[in-house]
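Working notes for the structure below.
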Amino acid sequence: MWLLALAPVLIVLALMLIVRTSSSRAGPVGWFTAAVIGVAAFGADLDVLIVSQARALILALRVFFLLWAALALYRVVDEGGGLQAICGWVVRLTGEPVMQALILAWVFVSFVQGTGGFGVPIAVVCPMLLNMGYDPIPAIVIPTIGHVWAITFGSLATSFTALVSMTALPAETLAPPSAFILGVMAVGCGFAVAHAVDGWRGIRRAVPAIFIVGGVMATALFLLATNGLWAIGSAGAAIAGLGASVLVARMPRYSVEADYEDPPCAPGQNRPTLFWGAFGYLLLTALALVARLADPVRDFLGGVVLAPDFPATATALGHTVEGGQLQKINLFGDTGALLLYAAIITYLIYKCRGYYTPGVERRIAVQVFKKGIPSALGIISMMAMANIMVYTGMMQQIANGLRFLGPDLYAFGAPAIGALGAITTGSNVNSNVVFSELQRSAADLMGLLVPLILAAQTAGASIGVALSPARITVGTTTANIPGKEGDVLRVLVRSVVPLLIAIAVMVIVGGMI
Amino acid sequence: MSDRKLRVQALALGLIVAGMAVLALVMNAPEGQAAAVIGLLLMAGGMLSAIFAG
């Protein structure tokens with residue numbers, strides 16, 4: 001029974017790791033497997049399937065809303081040259097190579113992850129490093145390891161939202177341990193970037209910058225995430241980090257003149273200043289703060305809520321799931337809605353100020369569609385599969401089977417489970433969807449701290465994303481070295497495994513405290 | 001990614017969401033079993049389309 005329960009996950013892993021299938025194809029195969037096993041071996045009837053899939057839809061709608069709106073805002077800003085304006089400012093801060101790499105491939109790339117994500121950070125920063133004279137493999141590896149800490153609370157906290165949705169635990173409970181582990185990881189990522197740029201010499205040059213900027217980012221992340229602003233956790237932390245970088249870059253050891261010229265504009269197109277380049281994300285931050293802190297605004301936006309009443313279910317084998325209003329979507333106040341407001345307002349302002357070239361609307365729509373459809377397909381099929389496993393008791397069965405590891409070994413391996421999920425599915429969201437309920441059940445059974453284990457799950461998944469074939473392929477395509485994925489993976493493994501071990505140690509120590 | 005593949009994926013996504021929406025609408029209706037079967041079939045069609053999208 002244990003192996004049968006594990007079969008859908010194993011099949012998804014095998015398809016993605018061995019056959020190199022995308023998540024948008026592996027997910028549906030996993031869904032069929034889970035449905036057949038659920039009905040044939042775990043006693044699921046029609047009612048169990050109906051409720052599990054209805055709940056998966058509500059979960060998926062929330063993530064879709066966020067995903068599509070985040071992609072739209074990113075395209076709106078990028079088409080207007082906003083991202084280029086921010087990049088130019090970053091590069092001009094210092095001409096010192098290690099500091100430049102830290103600002104670009106640790107702080108700025110994390111900002112891009114905080115606001116966009118979905119492979120965009122590597123696609124944006126890798127070409128900039130190539131222009132600065134880096135070889136293709138370091139140009140892929142450096143930004144990849146630089147932004148992994150920002151993935152869970154990045155993309156407007158899509159991954160964290162998935163973790164909350166799947167486990168039905170309050171975000172306020174899950175945010176503190178997750179933010180703490182990821183904050184420490186932020187500092188670790190700084191060291192990994194400095195080492196990748198110039199070995200131990202790079203680390204020696206970068207120590208003050210890493211501790212000051214990393215400390216600022218870790219503190220900002222913790223404060224934002226634990227005060228209900230997890231949606232802008234990574235973006236806000238990276239903005240704070242950029243501010244700290246400006247000051248650190250003026251330290252005598254980093255104060256070197258930079259040589260950088262903006263690319264030319266199209267005829268009739270205006271170039272945004274730094275303020276207008278960052279306007280979309282500043283506006284989003286302001287909207288998130290107002291919607292969270294101003295009661296009248298929050299009440300107004302929270303007027304329309306989608307909160308279906310799920311009936312309780314029971315399988316023929318006696319596995320029960322309680323009913324009730326298990327998930328709700330705040331249609332006008334959800335993070336996805338705030339993103340959409342920011343995207344629309346930014347588009348209108350950019351249009352008025354002449355930042356766009358003709359045909360921009362079609363380009364934005366096409367890019368959002370092209371990026372959004374495959375991602376959405378992977379997410380919805382994985383969510384549907386995971387919900388079948390939860391409602392039929394398969395997840396509970398797997399958790400029971402993992403008890404033989406014992407609590408200490410399980411706690412040490414929890415980040416690796418998250419990483420494995422992300423490596424195979426290519427996303428922190430998908431890893432959380434597939435494994436968070438399993439991790440919660442296993443932690444419950446073994447008497448471990450559930451929020452800590454779930455924090456390890458999502459932090460491990462962030463690292464796994466860096467090693468996923470999907471992300472590496474984005475890098476090799478951007479750097480124009482197709483077929484070199486294995487070489488990139490080998491370098492990445494050396495950099496991220498110490499981070500994974502560090503998370504495991506934090507989980508063990510956290511459990512003792 | 002080719003336009004054909006993207007169109008098939010969009011169709012698959014539409015079928016899956018439509019099937020799930022039918023299930024969400026009938027989950028509290030005891031007489032909605034026939035509609036639920038149609039919903040599950042729509043989902044299965046969408047999943048198959050995604051697998052064979054190429």
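The values are calculated or read from the model by the stated rules, or taken from the named source; none is laboratory data. Just so you know, these numbers come straight off a predicted model, no measurement behind them. Note that we place each Cβ from the backbone using ideal geometry, even for glycine, and neighbour counts take in every protein chain shown.
So in segment A:274-306, with the set limited to residues that are surrounded by 13 or more Cβ atoms within 10 Å (Cβ to Cβ) and not in a helix (DSSP H, G or I), which one is modelled with the lowest pLDDT?
A:302
Only residues that are among the acidic types (Asp, Glu) and buried (at least 19 other Cβ atoms within 10 Å of the Cβ): list them for segment A:334-393, please. Write out each step before concluding.
Initially, segment A:334-393 is screened for residues among the acidic types (Asp, Glu), giving A:334, A:361.
The answer is A:334, and nothing else.
As an exercise: evaluate residue A:64 against (1) within 14 Å of chain B (Cβ to nearest Cβ); (2) at pLDDT below 90; (3) over 30 Å from residue A:352 (Cα atoms) and give the number of the one condition it does not meet.
Tallying (1) within 14 Å of chain B (Cβ to nearest Cβ); (2) at pLDDT below 90; (3) over 30 Å from residue A:352 (Cα atoms), residue A:64 fails exactly one: (3).
Which of the helices (runs of 4 or more DSSP H) found entirely inside segment A:62-160 contain at least 1 residues meeting this: within 12 Å of the chain's Cα centre (by Cα)?
Numbers: elements: A:82-92, A:97-102, A:109-115, A:120-131, A:136-146.
Passing ranges, in order: A:109-115, A:120-131.
Do we have residue B:20 as buried (at least 16 other Cβ atoms within 10 Å of the Cβ), in contact with a strand residue (DSSP E or B) (Cβ under 8 Å, 6 or more places away or on another chain) and closer than 21 Å to residue A:306 by Cα here? Full working, then the answer.
On the way: buried (at least 16 other Cβ atoms within 10 Å of the Cβ): yes; in contact with a strand residue (DSSP E or B) (Cβ under 8 Å, 6 or more places away or on another chain): no; closer than 21 Å to residue A:306 by Cα: yes.
When the stated conditions are applied, residue B:20 does not pass them.
Can you pull out the residues in segment B:40-50 that are surrounded by fewer than 20 Cβ atoms within 10 Å (Cβ to Cβ) and more than 9 Å from every other protein chain (Cβ to nearest Cβ)?
Going residue by residue through segment B:40-50, those that are surrounded by fewer than 20 Cβ atoms within 10 Å (Cβ to Cβ) are B:40-41, B:44-45, B:48.
Once the filter is applied, which keeps residues that are surrounded by fewer than 20 Cβ atoms within 10 Å (Cβ to Cβ) and more than 9 Å from every other protein chain (Cβ to nearest Cβ), segment B:40-50 yields B:41, B:45.
Give A:390, A:360 a once-over and let me know the one that is touching a Gly at 6+ places or on another chain (Cβ under 9 Å), of a type outside the set (S, T, N, Q) and away from chain B (no Cβ under 14 Å).
Values: A:390 fails: touching a Gly at 6+ places or on another chain (Cβ under 9 Å).
Exactly one residue qualifies, and that residue is A:360.
Name every residue in segment A:1-24 that is within 12 Å of chain B (Cβ to nearest Cβ) and surrounded by 24 or more Cβ atoms within 10 Å (Cβ to Cβ), in order of residue number.
Listed by number, the residues that qualify are A:23, A:24.
Within the group A:320, A:313, which residue is free of Cβ contacts under 8 Å to residues at least 40 places away in the same chain and closer than 27 Å to residue A:45 by Cβ? It would help to see each step written out before you state the result.
Working: A:313 fails: free of Cβ contacts under 8 Å to residues at least 40 places away in the same chain.
Only one candidate passes the filter, namely A:320.
Could you please give the count of residues in segment A:76-97 that are at pLDDT 80 or above, on the phi < 0 side of the Ramachandran plot and surrounded by 23 or more Cβ atoms within 10 Å (Cβ to Cβ)?
Residues meeting the conditions: 5.
If only one of A:208, A:252 is farther than 16 Å from residue A:149 by Cα and touching a Lys or Arg at 6+ places or on another chain (Cβ under 8 Å), which one is it? Full working, then the answer.
Numbers: A:252 fails: touching a Lys or Arg at 6+ places or on another chain (Cβ under 8 Å).
Exactly one of A:208, A:252 is farther than 16 Å from residue A:149 by Cα and touching a Lys or Arg at 6+ places or on another chain (Cβ under 8 Å), namely A:208.
Please specify each residue of segment B:13-48 satisfying the condition of being under 16 Å from residue A:31 (Cβ atoms) and touching a Leu at 6+ places or on another chain (Cβ under 6 Å).
Of everything in segment B:13-48, those that are under 16 Å from residue A:31 (Cβ atoms) and touching a Leu at 6+ places or on another chain (Cβ under 6 Å) turn out to be B:13, B:15, B:18, B:19, B:20, B:39, B:42, B:45, B:46.
Looking at residue A:71 and the list (1) within 12 Å of chain B (Cβ to nearest Cβ); (2) crowded, with 18+ Cβ neighbours inside 10 Å, which single condition is not satisfied?
Here residue A:71 meets the rest and fails (1).
Regarding segment B:27-39, can at least one residue be identified that is more than 21 Å from residue A:369 (Cβ to Cβ), under 8 Å from the mean Cα position of the chain (by Cα) and more than 7 Å from every other protein chain (Cβ to nearest Cβ)?
Narrowing segment B:27-39 to residues more than 21 Å from residue A:369 (Cβ to Cβ): B:27-39.
If we keep only those that are under 8 Å from the mean Cα position of the chain (by Cα) as well, we get B:39.
Checking which are more than 7 Å from every other protein chain (Cβ to nearest Cβ) leaves us with B:39.
Yes, there is a match, as at least one residue in segment B:27-39 is more than 21 Å from residue A:369 (Cβ to Cβ), under 8 Å from the mean Cα position of the chain (by Cα) and more than 7 Å from every other protein chain (Cβ to nearest Cβ).
Test residue A:61 against the stated conditions and say whether it is closer than 30 Å to residue A:349 by Cα, surrounded by fewer than 24 Cβ atoms within 10 Å (Cβ to Cβ) and not small (Gly, Ala, Ser). Full working, then the answer.
Working: closer than 30 Å to residue A:349 by Cα: yes; surrounded by fewer than 24 Cβ atoms within 10 Å (Cβ to Cβ): yes; not small (Gly, Ala, Ser): yes.
It is true that residue A:61 is closer than 30 Å to residue A:349 by Cα, surrounded by fewer than 24 Cβ atoms within 10 Å (Cβ to Cβ) and not small (Gly, Ala, Ser).
Tell me, which helices (runs of 4 or more DSSP H) lie completely within segment A:312-413 with 1 or more residues that are more than 24 Å from the chain's Cα centre (by Cα) and basic (Lys, Arg)? Even if it seems obvious, please write down each step before you answer.
Details: elements: A:335-352, A:360-392, A:394-401.
Where helices (runs of 4 or more DSSP H) fall fully within segment A:312-413 and carry at least 1 residues being more than 24 Å from the chain's Cα centre (by Cα) and basic (Lys, Arg), they are A:335-352, A:360-392.
Filter segment A:13-27 for residues that are within 17 Å of residue B:46 (Cβ to Cβ) and in contact (Cβ under 8 Å) with a residue 24 or more places away in the chain and give the result.
Once the filter is applied, which keeps residues that are within 17 Å of residue B:46 (Cβ to Cβ) and in contact (Cβ under 8 Å) with a residue 24 or more places away in the chain, segment A:13-27 yields A:22, A:23, A:24, A:26, A:27.
State all residues of segment B:10-26 that are of a type in the set (Val, Ile, Thr) and at the interface with another protein chain (Cβ under 8 Å from one of its Cβ atoms); if no residue qualifies, say none. Before the answer, list the steps.
At the first step, the residues of segment B:10-26 found to be of a type in the set (Val, Ile, Thr) are B:16-17, B:22, B:26.
Passing the criteria: B:16, B:17, B:26.
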